[in-house]
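Reviewing the structure listed below.
Nothing in this text is a laboratory measurement; each read-out follows from the coordinates by a stated rule. The structure presented is a predicted model; accordingly, all values stated were derived computationally and were not measured. All Cβ positions, glycine included, derive from the backbone under ideal geometry; neighbour counts span all protein chains shown.
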Amino acid sequence: MDDLFNLTGKIALVTGGSRGLGLQMVRAFAARGADVIIASRKIEACEAAAAEVRAMGRKALAIAVNASKWSEMDRLADAAYAAFGRIDILVNNAGMSPAIPSHEVSEEWFDKIVSLNFKGPFRLAANVAKRMADGDGGVIINISSTGALVPLPAVVPYSGAKAALNAMTVSLAREYGPKVRVNAISAGPFLTDISKAWSEEARRTAHNSLNRPGRPEEIVTTALYLASPASSFTTGAIVRCDGGQS
């Protein structure tokens, strides 16, 4: 094990942790010694990810939640603390980014997108940050998007919600530091499940310096850096992992 990213004895909670970037982070944390709480909508997918973690010799808890709901985020935090007594690493990863022309966005869709990408993460982060600050501290990682920095057409509610998530990251870092570090990963295009709906060209190339989308496992080192003591002097940062998108 690389001592730089040693997470032995840590408790990590990952929303959207049953697939895509979330699952990659779950695997990486467990491989480096962390016990993991995996939350997403479908309990079967959470249990499958939890089985992987247990096969590595770590503890795992699978919880089905709707990460856009205030009360569900309270329930998730309570269940995690009841099971493990603390959370050392929180990753707010659940999100969605449907492309809808702005004039066709309904109020229902607007609320769904903003709630999942901002309201839910805010409630969970604020809840956990307070408990971390009252305890031994911890780390919060919010998974944002280059869409917040380089807004694109037809994703206005998503870009706005991720921009709010970036602002929240800086604010919470100030509010709950020095015991709690809060950072965001500004993720570019990745070949996760969502990419199945992309064109063949979009899966092969991207408008970034590397001229390609990222492989899901390429999120891992950025997440490990922010989750571990290796980033002890990094907080309130928006760390880009996007292949040099501009």
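Some values worked out for this structure:
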quantity	calculated
Nearest-ten-degree value, helix 20-31 long axis tilted from longest Cα axis of the chain	20 degrees
Residues Met25, Met168, sorted so that the one with the fewest Cβ neighbours within 10 Å comes first	Met168, Met25
Square roots of 5 times each gyration tensor eigenvalue, C-alpha, region 184-246, largest first, Å	26, 12, 8
Summed residue charge, Cβ within 11 Å of Val105's Cβ, Lys/Arg positive, Asp/Glu negative	-3
Sorted by Cβ density within 10 Å, fewest first, the residues Val65, Val114	Val114, Val65
Amide H partners (placed H, <5 Å) of Arg32, local residues excluded	none
Stokes-Einstein D for region 80-193, Kirkwood Rh over Cα pairs, 25 °C, 0.890 mPa s (µm²/s)	166 µm²/s
Signed unit charges on C-beta, dipole axis of region 95-167, positive-most listed residue Phe122, Tyr158, Thr146	Phe122
Qualifying aspartates and glutamates (Cα of each under 16 Å from Cα of Lys130; at least 8 residues distant if same chain)	Asp74, Asp78, Asp88, Glu175
Flagged links, alpha-carbon separation over 21 Å, of Lys112/Lys162; Lys10/Lys162; Lys119/Lys162; Lys59/Lys179; Lys10/Lys59	Lys10/Lys162; Lys59/Lys179
Folded to 0 to 90 degrees: helix 70-84 orientation relative to the chain principal axis, Cα	30 degrees
Under DSSP loop assignment and at most 14 Cβ neighbours within 10 Å, longest chymotrypsin sites (Phe, Trp or Tyr not before Pro)-free interval of the chain	1-197
Expected 222 nm ellipticity per residue - DSSP helices of 4 or more, -39500 (n - 2.57), all of the chain, to 500	-12500 deg cm²/dmol
Using alpha-carbon coordinates, inclination of helix 156-176 to the longest axis of the chain, degrees	30 degrees
Size of electric dipole in the chain: Cβ of Lys, Arg +1 and of Asp, Glu -1, about Cα centre, debye, nearest 20	260 debye
Mean Cα-pair separation over length for the chain, i.e. relative contact order, pairs under 8 Å, 6 or more apart, %	19 percent
Simple Cβ-charge dipole of region 1-48, Lys/Arg +1 and Asp/Glu -1, about Cα centre, in debye nearest 20	200 debye
Projected-area average for region 16-134 over all orientations - Cα convex hull basis, square nanometres	7.6 nm²
Relative intensity, log₁₀ I(q)/I(0), of the chain from a Debye sum that treats every alpha carbon as a point, q = 0.10, 0.11, 0.13 Å⁻¹	-0.43, -0.53, -0.75
Order of Ser97, Ser171 - criterion: other Cβ atoms within 10 Å of each residue's Cβ, fewest first	Ser171, Ser97
